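Encoded as structure tokens, the structure appears first; notes follow it.
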Amino acid sequence: MKRALITGITGQDGSYLAELLLGKGYEVHGLLRRASSFNTDRIDHLYHDPHVPGPKLTLHYGDVTDGTVLRRVLEKVQPDEVYNLAAQSHVRVSFDVPEYTADVVATGALRLLEAVRDHMVGGGKTVRVYQAGSSEMFGAAHPPQSEATAFYPRSPYAVSKVAAHWYGINYREAYGMFVSNGILFNHESPRRGETFVTRKITRAVGRIKEGLQDKLFLGNMDAKRDWGFAGDYVEAMWLMLQHHTPDDFVVATGESYSVRQFVELAFGQLGLDWQKHVELDPRYLRPTEVDALHGDPSKAIRELGWKRKVSFQQLVEMMVKSDHELARRERVLVDAGHLSAAHGAHR
Ligand code: NDP
Ligand code: GDR
């Protein structure tokens, strides 16, 4: 049985990846940050009664800003594969907390690579590492973007991801480590964090339909993104670590849409006129924006045999359906006096 360690297991991708690996019979371990409120919502359904035999999910308290814990967890788990998904992953927020973002995203990746290197030098078995790189690293580079495109990062988050990417390549070349960098374009799902634009839109659509809110405030609606489904993208992460050699791979759909097009489609799903509800709030604009991302995934398709299953239209439909259901349940609670209609309106 293979063992995997996932940092960032409580995030969107961590939850889909844990599901995928458990389904393949892996023993899955994850790093959990201590928080004052529960932060395991996305993986609670994967909890497995430890008294019953079968694939297992085990959580370990830790943080990528704490190298000692990373070493301790590696010793304890003895993983075959490590997936580094931990990040302060919000681009806009990275302008507010740049040092913290660099510490987690760039130096966090370095700490993990150092810990894995020492673990192997100390007699631990060979570990394959996946580094969660981002299309944000391309930033202002002209679309379409592929592995051959030069990076031009436009935020503290993106600069930090570029550093993590190059740490990975350096550890590959300097120490012969198996480190693969995914360069993943935006991927979304009903589990997407509620402050990212797609989920913010689909949450608002559901709530507007149920009369729980009236306005949706957005920033730049002209930005273009290459949006795929997170469930398809974690498959590519796994494929990268099964490949015969470590490498860098772009994972994308090869299609690009504007935020405005996403809005139109999402509101249209529930028969709503977006122009009556959407307004600009400059607070959501970024000091430096990434205008157009459009990935070329041909290398991943050719060399990994990766293929996405969910189209853009299906993705929007899936997210609107799920968030409409969520809003219906909220409506019941509001009507029963258990919840204020303003709950969650300030995203
Ligand atoms: P999320 O923001 O949903 O999840 C981030 C995860 O990292 C959470 O589990 C979070 O824990 C954890 N985390 C944050 N800070 C620390 C820390 N200091 N130590 C340990 N864990 C920490 O991100 P996604 O799931 O969307 O993305 C996964 C990774 O892929 C990230 O690295 C992201 O930057 C990258 N990426 C994402 C893309 C996307 O479109 N989704 C595209 C390209 C790259 P907690 O739950 O406690 O906050
Ligand atoms: P992004 O995702 O920055 O691409 O990073 P996000 O959904 O935050 O923004 C996408 C685009 O929408 C515009 N936008 C808004 N964004 C947010 N969050 N809120 C708004 O109200 C709003 N209005 C317009 C943004 O300006 C931007 O152009 C995501 C993250 O998951 C990163 O971690 C990951 O690396 C990249 O995707 C690939």
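Take the Kirkwood radius over Cα pairs of segment 194-292, plug it into Stokes-Einstein at 37 °C and 0.692 mPa s, and you get 212 µm²/s for translational diffusion. Among the trypsin sites (Lys or Arg not before Pro) in segment 221-330, those placed in a DSSP loop whose Cβ has at most 13 other Cβ atoms within 10 Å are K307, K309. Shown in residue order for segment 226-235 are the 3J(HN,Hα) couplings computed by the Karplus curve 6.51 cos²θ - 1.76 cosθ + 1.60 at θ = phi - 60°: 9, 9, x, 9, 4, x, 6, 6, 5, 4 Hz (x for Gly and Pro). In this structure, the amide hydrogen of G133, modeled 1.01 Å from its nitrogen in the peptide plane, lies closer than 5 angstrom to those of G182, L184, counting only residues at least 5 positions away or on a different chain. Computed about the Cα centre, the dipole magnitude for the chain is approximately 380 debye when only Lys and Arg (+1) and Asp and Glu (-1) carry charge, each at its Cβ. A simple spin-label model places the labels of T126 and N170 2.4 nm from each other, with each point 7 Å out along Cα-to-Cβ. With respect to the chain, whose longest principal axis is taken over its alpha-carbon atoms, helix 312-335 is tilted by about 60°. Between H48 and D273, residue separation times 0.36 nm minus the direct Cα-Cα distance comes to 76.6 nm.
Relative to the dominant Cα principal axis of the chain, helix 67-77 is inclined by about 70°.
When you filter the chymotrypsin sites (Phe, Trp or Tyr not before Pro) in segment 3-85 for DSSP loop state and at most 10 other Cβ atoms inside 10 Å of their Cβ, you are left with F38.
Working from the Cα coordinates of segment 268-327, the gyration tensor eigenvalues give, after taking √(5λ), semi-axes of 30, 22, 10 Å in decreasing order. On the beta carbon distance between E255 and A140, with R0 = 25 Å, the FRET formula returns roughly 0.75. Proximity of backbone amide H atoms, modeled 1.01 Å from N, is registered between M177 and R172 at under 5 Å, excluding neighbours fewer than 5 places apart on the same chain. If you wrap the chain in the convex hull of its Cα atoms and look at it from every side, the mean projected area works out to 17.8 nm².
Between helix 197-209 and the chain there is an angle of about 30 degrees, using the helix long axis and the longest principal axis of the Cα atoms. Grab the beta carbon distance between L280 and L59, set R0 = 41 Å, and tell me the FRET efficiency rounded to 0.05. Here the calculated transfer efficiency is 0.50. Taken as Cα centroids, segment 275-347 and segment 24-96 sit 24 Å apart, rounded to the nearest whole angstrom. In this Cβ point-charge picture (+1 for Lys and Arg, -1 for Asp and Glu), segment 194-347 has a dipole of about 340 debye about its Cα centre.
Evaluated over the Cα positions of segment 64-142, the convex hull gives a direction-averaged projected area, one quarter of its surface, of 5.9 nm². Think of the chain as having a plus end and a minus end, set by charges on the Cβ of Lys, Arg, Asp and Glu; of A102, S160, S311, S311 sits farthest toward the positive end of this dipole.
Spin-label pair F217-E99: with each label point 7 Å from Cα along the Cα-Cβ axis, the two points sit 2.9 nm from one another.
Alpha-carbon geometry of segment 1-144: the Rg and the Dmax are 15.8, 54 Å, given in that order. When +1 charges are put on Lys and Arg Cβ atoms and -1 charges on Asp and Glu Cβ atoms, the dipole computed for segment 256-318 relative to its Cα centre reaches about 340 debye.
Bear in mind that the values in this text are calculations on the coordinates, not laboratory data. None of these values were measured; they are calculated from a predicted model. Every residue, glycine as well, gets a Cβ built from its backbone with ideal geometry; the counts of neighbours run over all protein chains shown.
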